[in-house]
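Structure record follows, encoded as structure tokens.
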Amino acid sequence: MFDALLFDLDGTLVDTESLAMAAGMAAFAELGHPVSEGFMHGLVGKDLPTAGRLIAEALPTLDQAALHPLWHGAFLDKVAQGLPLKPGADVLLAARLRPMAIVTSSRRREADHKLGVAGIAGAFAHIVTYDDVTAPKPAPEPYLLAARLLGVDPARCLVFEDSETGAEAAFRAGCRVVQVPDVVPSEGRWAHHLAGDLIEGARLAGLPI
């Protein structure tokens, strides 16, 4: 039924979103601009330039040049303590049911670091990052590129995502979409299957696992 499996990284395979939110809220507060969890939820799944624009619109007096080193440094400190996989990720990746690729809005260096800490880099034939595309998620380009690199039709790719932004990108690329919401609840507008964890999502899509 599927020729390839494509995975978002943050919040889908590795449990980074909660770490990023905690580090981000602390950084905003340290600069005198405390924000709510709801505000942080609006940044989930966004690439850095898009998130920067949203922050500037909401907090025009905030010094983003000071914010990002604080946020990123605190996040890396948390990642260095260990990066757990999301439930079911180890089983699904170990099964190697189809060729696999990562499709992430992280920059290349960040994605490689997180994959290395989590110990799963070797599972993937390709890693598509923000640096590889001109139009990041929610545009379909990242998923279209991953399908092209794997030499498969996007319609025969099964995608695992957590965010609305990522699910929209995969849907618009013509892929089959499993959405497993992480820190932000979803009604699955862009998903073919809405699941509580990766294994449930895989089974809903018909994978023999």
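The values are calculated or read from the model by the stated rules, or taken from the named source; none is laboratory data. These numbers come from a predicted model, not from an experiment. Note that each Cβ is placed from the backbone with ideal geometry, even for glycine, and that neighbours are counted across all protein chains shown.
Which count do you get for residues in the stretch 160-200 that are over 14 Å from Tyr143 (Cβ atoms), in contact with a helix residue (DSSP H, G or I) (Cβ under 9 Å, 6 or more places away or on another chain) and not in a loop (DSSP other than H, G, I, E, B)?
4
Evaluate the following for Ala89: is it in contact (Cβ under 8 Å) with a residue 40 or more places away in the chain and in the same structural domain as Gly11 (by TED's automatic domain parsing)? Let's see the steps before the verdict.
Values: in contact (Cβ under 8 Å) with a residue 40 or more places away in the chain: yes; in the same structural domain as Gly11 (by TED's automatic domain parsing): yes.
For Ala89, the condition - in contact (Cβ under 8 Å) with a residue 40 or more places away in the chain and in the same structural domain as Gly11 (by TED's automatic domain parsing) - is met.
Which number in (1) in the same structural domain as Asp10 (by TED's automatic domain parsing); (2) surrounded by fewer than 21 Cβ atoms within 10 Å (Cβ to Cβ); (3) in contact (Cβ under 8 Å) with a residue 12 or more places away in the chain marks the one condition that Ile209 misses?
Every listed condition holds for Ile209 apart from (1).
Using beta carbons and a limit of 8 Å, which pairs, at least six apart or on different chains, have the first residue in the stretch 142-171 and more than 17 Å from Asp132 (Cβ to Cβ) and free of Cβ contacts under 8 Å to residues at least 24 places away in the same chain and the second one surrounded by fewer than 24 Cβ atoms within 10 Å (Cβ to Cβ) and among the charged types (D, E, K, R)?
Matching pairs, first to second residue: Ala155/Arg176.
Residue check: is Ala121 aliphatic (A, V, I, L, M), farther than 24 Å from His193 by Cα and without any contact (Cβ under 8 Å) to a residue 12 or more places away in the chain?
Numbers: aliphatic (A, V, I, L, M): yes; farther than 24 Å from His193 by Cα: yes; without any contact (Cβ under 8 Å) to a residue 12 or more places away in the chain: yes.
So Ala121 passes the test.
Of the residues that make up the stretch 184-196, is at least one at pLDDT 95 or above, under 12 Å from the mean Cα position of the chain (by Cα) and not polar (S, T, N, Q)?
So far as the stretch 184-196 goes, no, none of its residues is at pLDDT 95 or above, under 12 Å from the mean Cα position of the chain (by Cα) and not polar (S, T, N, Q).
May I ask you to list the residues in the stretch 34-67 that are of a type outside the set (A, V, I, L, M, F, W, C) and under 22 Å from Ala135 (Cα atoms)?
Those that are of a type outside the set (A, V, I, L, M, F, W, C) and under 22 Å from Ala135 (Cα atoms): His41, Gly42, Gly45, Lys46, Asp47, Pro49, Thr50, Gly52, Arg53, Glu57.
Against the definition (over 24 Å from Leu19 (Cα atoms), basic (Lys, Arg) and assigned to a loop (DSSP other than H, G, I, E, B)), how does Arg203 come out, yes or no? Quick ask: steps written out before the conclusion?
Details: over 24 Å from Leu19 (Cα atoms): yes; basic (Lys, Arg): yes; assigned to a loop (DSSP other than H, G, I, E, B): no.
So Arg203 does not fit the description; no.
Return yes or no: is Ala135 closer than 25 Å to His41 by Cα, surrounded by 23 or more Cβ atoms within 10 Å (Cβ to Cβ) and modelled with pLDDT of 95 or more?
No; evaluated as a whole, the condition is false for this residue.
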